[in-house]
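Right, one structure below, let's go through it.
We did not get these values from a lab; they are worked out from the coordinates using the rules stated. Bear in mind that the values here come from a model prediction, so they are computed numbers and not experimental data. When we count neighbours, we look across all protein chains shown, and the Cβ atoms used for this are built from the backbone with ideal geometry, even at glycine.
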Amino acid sequence: MSDHDTHDHHGPEYLAHHFDTPEQQFESGKLGMWLFLVTEVMMFGGLFCAYALYRANHPDIFAYAHGFLDWKMGGINTAILLASSFTMALGVRAAQLGQQKFLILMLVLTLAGGFGFLIIKYFEYTSKFAENIWPGTQNLYYPTEGDQNTNTIVIKGQDEQLPITRQAQLNAIAVVEAKKLMHHGYTPHPVQASYDLYEKRGVFEALHDYDDYNLKEKGKETHYEHHILHMFAEAGVAKAIAKMDGHGGDQATDDGPPKGEDPPKDNAHAKDDPGHAEPKPKEGHSSDGPVYVADPAIDTTSIAGLVPVSGISAGASNIKPPASGKTGLVDSEAHAVALADARGGHGDHHAAPPLGMPDLRHAKYYIPYEFQPKSVQDRIHLFFQIYFMATGLHALHVIIGMGCITWVLGKALTGAFSPEYNVPVDIVGLYWHIVDLIWIFLFPLLYLIH
């Protein structure tokens with residue numbers, strides 16, 4: 001027998017020629033995988049550092065933009081990956097015990113979890129692409145230069161990609177933030193000023209057309225316009241209340257009479273009707289809710305909806321513009337409380353909100369894009385760049401992991417693994433666990449900022 005034949009048959013068939021024993025092969029394989037995983041952690045660590053720096057320096061960007069992410073989708077994906085990690089661990093154990101059928105079943109279930117994760121990620125991404133929220137310069141929020149945006153995106157009504165104007169960008173952003181942020185349960189503040197802004201930008205008409213299109217063309221009923229008007233009505237906006245009650249003539253909902261009918265005049269009967277909810281005015285306010293005053297001389301696109309007011313006596317239920325006209329977007333109740341605190345009164349309101357801002361300590365809210373400072377407007381797209389980079393890179397690793405599991409499944413179907421040899425199952429399991437672990441960090445950092 002030649003030296004070559006002796007070298008090829010120095011141990012079990014699965015033992016590679018450059019290892020002396022199966023134990024050495026197993027330990028070397030695991031050490032190599034751990035070293036590789038360290039490099040993976042370092043790569044994602046760079047993204048986590050970028051996230052930490054941007055969030056520490058620009059918290060307003062993350063507070064606003066994270067509302068576009070659906071935490072329910074992210075939560076479901078988290079549960080799927082945790083379950084797949086569990087089935088992968090069971091598969092490794094089955095390989096160590098020589099349970100071939102159970103190993104195959106666990107690998108199939110792990111693959112199913114990977115497919116489920118990618119399917120949800122597909123719907124999550126496409127919902128953003130439909131609103132022109134892309135990675136790179138194609139993002140709707142990418143900053144403008146003068147009246148022309150440096151990116152080229154498709155806006156409804158255009159047949160080809162053309163540079164979007166600043167006004168078209170503001171109109172599109174108003175529709176997108178109302179459709180996404182308010183639909184996710186966030187309330188814009190200041191409320192009245194936000195409603196006026198959305199009326200000016202044609203948000204309600206756009207959402208009405210969107211609902212009608214989905215109902216008639218796609219066969220799927222949506223209620224964006226209804227939902228958003230309902231939120232404004234609950235906040236006390238008079239025009240929204242009128243529309244919800246049918247006075248607007250263009251909204252028939254469960255919360256008001258059908259289109260064309262008058263609301264019940266008997267308040268006693270209205271209270272007995274569980275489908276009819278009368279708005280409850282706040283103390284010291286009219287039934288139209290908080291009163292906001294806006295001075296046209298003030299550029300509201302360069303402020304965050306917070307403008308100090310001077311010369312107003314505390315306790316007034318409706319704040320009127322002083323003679324100087326130096327007012328901005330004002331919530332009268334918040335001003336009354338804040339001014340009283342500043343003058344030493346109302347000690348129980350020591351934690352009152354800043355001047356001009358409603359008490360939002362226990363509420364989900366956002367300040368519309370146009371009321372944000374320009375420094376915030378120009379950087380909002382950075383959140384989406386980090387989001388797409390981090391989640392996209394992670395999704396790529398999920399795909400690679402699924403490829404490795406498929407390879408292991410193929411070998412398992414041939415009976416290649418036994419209690420003596422299961423190194424590939426163990427190593428691929430390690431890789432899958434690190435992929436799941438990275439997502440456990442990404443989910444709260446991106447989806448649960450509020």
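Listed here are the pairs K72/K243; K72/K128; K128/K179; which of them are more than 19 Å apart at the Cα?
On the way: K72/K243 30 Å; K72/K128 15 Å; K128/K179 12 Å.
Violating the 19 Å limit, Cα to Cα: K72/K243.
Sorted fewest first by neighbouring Cβ atoms within 10 angstrom, K180, K374 come out as K374, K180. Simple spin-label estimate for I119 and T39 gives 3.4 nm between the two label positions (7 Å along the Cα-to-Cβ direction from each Cα).
Modelled spin-label separation between I440 and K411, with each label point placed 7 Å from Cα along the Cα-to-Cβ direction: 2.6 nm. Taking other C-beta atoms within 10 Å as the exposure proxy, V423, V435, V38 rank V38, V423, V435 from fewest upward. In region 52-108, inverting the average of 1/r over every pair of distinct C-alpha atoms gives 14.2 Å as the Kirkwood radius.
Rg to Rh for region 402-450: what is it, with Cα atoms only and Rh by Kirkwood? Please list the in-between numbers first.
Numbers: Rg = 15.5 Å, Rh = 12.6 Å.
Answer for region 402-450: 1.23.
When T391, T126 are arranged by Cβ crowding within 10 Å, least crowded first, meaning fewest neighbours, the order is T126, T391.
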